[in-house]
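No lab work stands behind these numbers, since they all come straight from the coordinates. These numbers were taken from a predicted model, which means no experiment stands behind them. Please note: Cβ atoms are built from the backbone with ideal geometry, for glycine as well, and neighbour counts cover all protein chains shown.
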Amino acid sequence: MLPRKRFYLLLLLCLVLLQGLQLHAQITTTSNAKARELAQQIMKQMGGRKNWDNTRYLAWTFKDQYQIWDKHQNKFRWENDSLVAIINTQTKEGKVYVAGREVQNPEETLKLRERAYAMFINNSYWLVMPFKLLDPGVNLTYIGEGKTTSGAPADVLEMTFEKVGLTPQNKYKLWVDKEQKLITQWAFYRNATDTKPTFTRRWADYKLYGNIKLADNRSNPTGDFFLTDIAVPDSVPDAIFNSPKPVARASIK
């Protein structure tokens, strides 16, 4: 048997550890509740869940790559110079064209379809990330108050992932404007364990497209960067999702 003094010391240690765990759990629960509340406020300011769900088509240019996404039918059209890939975002099935001619080599077709899918994941995130804060597999945590690089007061969120997407090891920090309840700055960490971000950029210049708000400005002190040709059209002709050649971007409005 343990000496009585040693027994009480061990008991005291266990109680201290238990209190610490309970406090940590309480802080985590409070932090997650605050994060969820902010995410819901952001969604509301962006147009609301119903309007986001009802939005079918989105089109935009990211780094000279033009894309059209049919959210309801899981279709994604990606253009990069003369390369056109049209895939299903659920199955990755589809067709690939170069200079207007369908790629016939199965291995090359598969490689290009996989590339188009990777571009869908990446490029759409640069456009619609604020709508995806409460997606399954997303860990959202409130980490406190802070300021953007321009000095504006903000609430800061941290976003990590649980085995979702192509790069679940990534981490983001998001600055939510105190008054607007909109994300105005974001930082990207290639690995969740990184202490310094790969980049910190603005998420700014919101405009209303259809019934939702989107922002095109991703600039930072090192240079300007904008998403262009943003459109949320009511309809897109089926022929667009079957065309082997790049489309006239101005025609998608």
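Details
- Derived scalar couplings ³J(HN,Hα) [the range 63-70; Karplus, 6.51 cos²θ - 1.76 cosθ + 1.60; whole Hz; x for Gly, Pro]: 6, 6, 9, 9, 9, 10, 10, 9
- Net charge contributed by nearby residues that have their C-beta within less than 10 Å of S124 (K/R +1, D/E -1): +2
- For a label point 7 Å along the Cα-to-beta-carbon line of T109, residues of the range 80-98 with backbone N under 14 Å: 85-88, 92-98
- Relative to the dominant Cα principal axis of the chain, helix 106-128 is inclined by about 60°.
- The slack between D229 and A250, meaning 0.36 nm per residue of separation minus the straight C-alpha distance, is 6.8 nm.
- If R0 equals 45 Å, the separation of the Cβ atoms of E37 and D238 corresponds to a calculated FRET efficiency of about 0.60.
- Charge-dipole axis of the chain as Lys and Arg at +1 and Asp and Glu at -1 on Cβ define it, positive-most pick from L110, L182, L127: L182
- Among L133, L112, L166: highest mean-square fluctuation, GNM of the chain, C-alpha pairs under 10 Å: L166
- The simple spin-label model puts a point 7 Å past each Cα toward its Cβ; for Q65 and L134 those points are separated by 3.0 nm.
- Rounded to 0.05, the FRET efficiency of the T91 and K147 pair, given R0 = 41 Å and the Cβ-Cβ distance, is 0.40.
- Taking 0.36 nm per residue of separation and subtracting the Cα-Cα distance, full extension of the segment from Q73 to D205 would add 44.6 nm.
- Across K71/K111; K34/K163; K44/K163; K50/K163, pairs whose alpha-carbon gap is larger than 25 Å: K44/K163; K50/K163
- For the range 154-164, backbone phi angles converted through the Karplus equation (6.51, -1.76, 1.60; θ = phi - 60°) give residue-by-residue couplings of 8, 8, 10, 10, 10, 10, 10, 9, 10, 6, 10 Hz, Gly and Pro being listed as x.
- Taking GluC sites (Glu not before Pro) in DSSP loop conformation with at most 10 other Cβ atoms inside 10 Å as exposed sites, the chain has its longest uninterrupted site-free stretch at 1-92.
- The range 41-251 - Rg (one decimal) and Dmax (whole number), Cα, Å: 17.8, 55
- Within the shell of other residues whose beta carbon sits under 14 angstrom from the beta carbon of G48, the net charge comes to +4, with Lys and Arg scored +1 and Asp and Glu -1.
- A Förster radius of 25 Å, combined with the Cβ-Cβ distance separating T193 from L166, puts the computed FRET efficiency at roughly 0.85.
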